[in-house]
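Here the structure is laid out as structure tokens; the discussion comes afterwards.
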């Protein structure tokens with residue numbers, strides 16, 4: 001086993017956990033049989049991102065570790081989007097359906113078909129890598145709003161530590177993998193994600209305040225569910241923040 005393959009496998013583990021992070025949210029939706037105030041847009045775009053990373057891992061030689069975890073992500077995100085289509089109110093269901101058909105069916109199908117029919121293998125790798133990197137950069141930029149809230153409120157309440165730490169580790173692992181394999185398409189977005197993750201860890205150290213017993217008890221009584229802040233995934237896709 002090469003060092004790069006080891007980091008690829010480790011990245012599969014961390015990325016897989018990030019893809020599965022919203023399971024608690026969707027279990028809540030299934031029990032309530034309603035999407036309530038939760039938003040479907042993050043999952044539509046995480047599915048699009050997973051598509052292109054899977055395609056990139058398929059067309060680029062020796063990138064099976066990229067294809068496998070994002071193929072898993074495709075399955076997970078399809079399930080999440082399907083749950084939204086099943087339990088969302090009519091207006092959100094219509095919007096989600098339009099977005100899913102446009103972003104998760106028509107656009108990736110057209111992009112893959114055009115690249116397969118008109119470009120050689122090297123250009124297919126470049127186009128797939130560029131699209132994957134762009135969507136990942138967008139996903140990794142999403143925590144900026146949560147970080148701004150932390151600085152404004154001087155509280156880390158709306159930036160869950162475990163998810164932030166997982167994104168930090170995920171970005172670091174895939175950055176090392178990208179350096180070892182000299183893959184700039186993986187390295188640039190994940191290096192950015194690792195930098196943002198480091199900034200989140202610093203904010204935690206600056207603004208973390210242990211809860212008192214009284215405040216913890218008060219939080220458990222009548223606390224409503226929070227809407228999603230936008231989870232992640234992405235993976236070396238990266239992904240986003242949500243309130244547990």
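The values are calculated or read from the model by the stated rules, or taken from the named source; none is laboratory data. Keep in mind that what you see is a predicted model, and the values were worked out from it rather than measured. We place every Cβ from the backbone using ideal geometry, glycine too, and count neighbours over all the protein chains shown.
The criterion of at least 1 residues that are in contact (Cβ under 8 Å) with a residue 12 or more places away in the chain and at positive phi is met by none of the helices (runs of 4 or more DSSP H) falling completely within the range 93-166. Checked against the criterion of being over 30 Å from residue 195 (Cα atoms), in a helix (DSSP H, G or I) and under 21 Å from the mean Cα position of the chain (by Cα), the range 54-75 contains not a single residue that satisfies it. Restricting attention to the range 154-184, the residues that are within 20 Å of residue 19 (Cβ to Cβ) and either touching a strand residue (DSSP E or B) at 6+ places or on another chain (Cβ under 8 Å) or surrounded by fewer than 19 Cβ atoms within 10 Å (Cβ to Cβ) (or both) add up to 9. The residue that is modelled with the lowest pLDDT, counting only those in the range 18-39 that are assigned to a loop (DSSP other than H, G, I, E, B) and over 13 Å from the mean Cα position of the chain (by Cα), is 37.
Does the range 185-203 hold any residues that are modelled with pLDDT of 90 or more and in contact with a strand residue (DSSP E or B) (Cβ under 9 Å, 6 or more places away or on another chain), and which are they? Once the filter is applied, which keeps residues that are modelled with pLDDT of 90 or more and in contact with a strand residue (DSSP E or B) (Cβ under 9 Å, 6 or more places away or on another chain), the range 185-203 yields 189, 190. Of everything listed in (1) closer than 22 Å to residue 76 by Cα; (2) modelled with pLDDT of 65 or more; (3) out of contact with any helix residue (DSSP H, G or I) (no Cβ under 8 Å at 6 or more places or on another chain), the single unmet condition for residue 243 is (2).
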